[in-house]
Every structure is written in C-alpha cells, then in structure tokens.
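The values are calculated or read from the model by the stated rules, or taken from the named source; none is laboratory data. This structure is a prediction, so every number in the text was calculated from the model and none was measured. Note that each Cβ is placed from the backbone with ideal geometry, even for glycine, and that neighbours are counted across all protein chains shown.
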Amino acid sequence: MRGFFDMVLNVNVTLKSFDIKVIPDDVMCKLLGGKGLKIEGPEYETVYAFGGLCKVKDIEEIMYLNDLCDRLGMDTISAGILAAFAIEAVRRGRIDLDIDYGAVDAIARLLDGKSRM
C-alpha cells in the first residue's frame, strides 16, 4: 500500500519522560556527574518528521536524532523533512546518497554533513 508505514504503532510518546544514557566523555554527562540525562519526550512534530516521514520505527532512535539536531542547532521538523526528501530523491534516482527509510545512522550522517556546510 502506497504511503503506509506498518511500524507506526511502535512509535508513540505515551511516556512523559525518557532516561537517556550518554557516552561517559560527553560534556553533559560530565556536568551531571555521569548520571545520564533525563529529558521530556520529543515534540509530536519531531515524531512525525522522523517517524512518519523517514520511517524510523523506534522512539529511542527518534530521540537520538532529536538530540543530534539539538546539538547541531537544527530544527527537528525541518531536518526530518530534509532527510525524507533526500531519501525519496534517492529512491527516484535523482541523487546518489547512501540513505534509505529507517536507516538512522545514514540519516544522522546526512544531518551532520548538512550542519557543516
């Protein structure tokens, strides 16, 4: 079925907060004494952009991309739409990138590369 994301039920934000573990040498981890980071859930629009448009099927992966955008100074909604547009352009043979729906690491590389331009 065209336009259908069968993993949509896996992506929900019913929890009010998430405990996120950060890498020990991360600046925030050092500031918090290695206790990790507790954040509120992503905005619904962020879940839509990365979950619905980019077909990222896990809320933790969406939180990862949300955190990456925050660190890069990017708007998460615009970043998700950009990634989805790039994925669709690759699918239609318009551009040559190593990216596809649900490929979180490839989406992260795209966003990191765009932030450095």
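Points worth noting:
- Yes/no for V56 being aliphatic (A, V, I, L, M) and part of a helix (DSSP H, G or I): no
- Considered as a group, the residues in region 22-46 that are modelled with pLDDT under 90 and surrounded by 18 or more Cβ atoms within 10 Å (Cβ to Cβ) include one that is nearest to the chain's Cα centre (by Cα), and that residue is P42.
- Test: G113 is assigned to a helix (DSSP H, G or I) and at pLDDT below 95: yes
- Close pairs (8 angstrom Cβ cut-off, 6 or more residues apart or separate chains): within 23 Å of L68 (Cα to Cα) and aromatic (F, W, Y) in region 86-108, at pLDDT 95 or above and assigned to a loop (DSSP other than H, G, I, E, B) anywhere: Y101/C54
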